[in-house]
1. Considering each residue of region 37-62, count those that are buried (at least 22 other Cβ atoms within 10 Å of the Cβ), among the charged types (D, E, K, R), over 17 Å from the mean Cα position of the chain (by Cα) and part of a helix (DSSP H, G or I), and give that number.
2. On the given criteria, is residue 201 assigned to a helix (DSSP H, G or I), touching a residue at least 12 places away in the same chain (Cβ under 8 Å), of a type in the set (Asp, Glu) and surrounded by fewer than 17 Cβ atoms within 10 Å (Cβ to Cβ)?
3. Considering only residues that are part of a loop (DSSP other than H, G, I, E, B) and in contact with a strand residue (DSSP E or B) (Cβ under 7 Å, 6 or more places away or on another chain), which ones fall in region 298-320?
4. If the requirement is being without any contact (Cβ under 8 Å) to a residue 24 or more places away in the chain and farther than 30 Å from residue 171 by Cα, which of these qualifies: 479, 429, 446, 472?
5. Could you list, in sequence order, the residues of region 86-129 that are part of a loop (DSSP other than H, G, I, E, B), small (Gly, Ala, Ser) and closer than 24 Å to residue 333 by Cα?
6. Of 370, 378, 383, which residue is surrounded by fewer than 22 Cβ atoms within 10 Å (Cβ to Cβ), of a type in the set (A, V, I, L, M) and modelled with pLDDT of 95 or more?
7. Under 20 Å from residue 442 (Cα atoms) and either outside any loop (DSSP other than H, G, I, E, B) or modelled with pLDDT of 95 or more (or both): is that true of residue 180 in this structure?
8. Can you pull out the residues in region 386-395 that are within 15 Å of residue 202 (Cα to Cα) and surrounded by fewer than 19 Cβ atoms within 10 Å (Cβ to Cβ)?
Amino acid sequence: MADVRIAQAALGALLACACESPIDDPREIEIVSVITRADRPLTLNRSALVAGKYRLMAADPYAFFRGTFPLYLHDVEAGDLGGETSPYFRAVSPYSVGDAHVENFGTLLGGDGALVVETNDLDGADRYPYLIEVRRLAISAVVATRLSNPDDQGARSVAIGSERENALALARSYADTMRALAAGVAREPIEDAAESPVLADLFDRAEGDLEDRSELAELTILEDGNRRLVRGSVDEDVPENVYVDVPAVVASALPGAIDRYRATLDSPPAAEFFGIKDAVREFGSGVASWPRVRFILLVEGPSKDVEDDILLEVKEIGDSGARPATFETVNGADIRERILRARGYCWTRPNAEPLWGMTDLLGLSMQIKLESEAHKTLRVRRLEEDLGTPEALLALSTDLGRMLANVHAGSEALEPGLLRAIADAVGSDTGGFAEEQSAVAIAYADQVLADHARFAHALDVLGPTLGVTPGDADGHDPDAAALIGTPPEAPE
């Protein structure tokens, strides 16, 4: 820990020398140090994309929360969340989401056509101490509550009054579910909304878009009986989210990447299913993954009929970043194996998304999955009106606790006895467990919102990449430069 503080002090001295308006807040220096260290490899070879991520984080407190998982792990390692001093702490690490937060859950479409709510982002999946995952999710629920009802300050104030109850409900739901699972109750996927208005909205929108195949209507064009992907802006709410042509080097490499991907699927469709009809490079999607390489493919699908064409997302995946706070090594020989294991352990319903697999493309590890409007993610911005009442937020928090317990329970197949170890850790007094996690969540949510203001200030002072500037030696060869690309100017 001393080395970390020394490094931060050194960075502070550099910042003070380099800027007309020096950064002298120790926590602000710490934030810059942790974020730039985590992002440095990307900043040095795709600085424009990292700058886009930072702009998004500065503009939106929840995007800041999503983009600062390394800062959370740093604070865990530094002991700022009191993990190892908690009576509920155990060095037991299930396979988990990694960055467990509200917007990492949503609907997935199974091979049988049924929708189920699961974790839908495996980028950071790895083995993590169970308690830091519960706390991360509870913190996200409190932050989401504080950001709910964006256009109605009165409704927001009422919702904020329930934030403690939301955090308590999430932690208690996790503990009660885990104890039931350890006692032999089977995991049950969430296949209906039950009493949750937020999940009811999620399922209603997913089912409607599934029936309409909305992704084809919104992201493709039919011309003379042939379908192709659109180019340009694809999301009116995110002007920087655009599709552009793929470079020739990528187009020639994609068929081989698809062949290797098929081998990672449990029940791969025939090769003809994946015949590539069109491909685009996507910019401006995600938050933590904003700087990552991402493509959308239009493929043949089950027949030659253009009405059953399929879209696939091809996204670069990096290291999980788990090491600072975990008791296990990265659980897999490489990135590919880590994601495939997560797919097997973290989903409640086996093969919840049958087209989710891995490949490599021009040296990058890439995840491929179905791109469908039926895949709806829980969004904080939708927590308003009927979805932003204290009752709706309480039901959502309860469901989130159950979802995370189901994610963790999958690791019983990896490490028999893990369920019992977690159940013993939370103990029979689940109320006490919930009280502690609620207190941690509220305190750290205060920190998140204060840190967001510090981050925005630091970005204003240090510039678009927080003072990290690539040099001549950080350039790419032409093929790699073409693969990564430069984002186009956002439309005004």
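1. 0
2. Criteria not met by residue 201.
3. 300, 301, 309, 317, 320
4. Matching residue, one of 479, 429, 446, 472: 472.
5. Passing the criteria: 91, 93, 98, 100, 124, 125.
6. 370
7. no
8. 386
The values are calculated or read from the model by the stated rules, or taken from the named source; none is laboratory data. The model shown is predicted, which means the values in this text are computed figures rather than measured ones. Don't worry about glycine lacking a Cβ; one is built from the backbone with ideal geometry, like all the others, and counts go over all protein chains shown.
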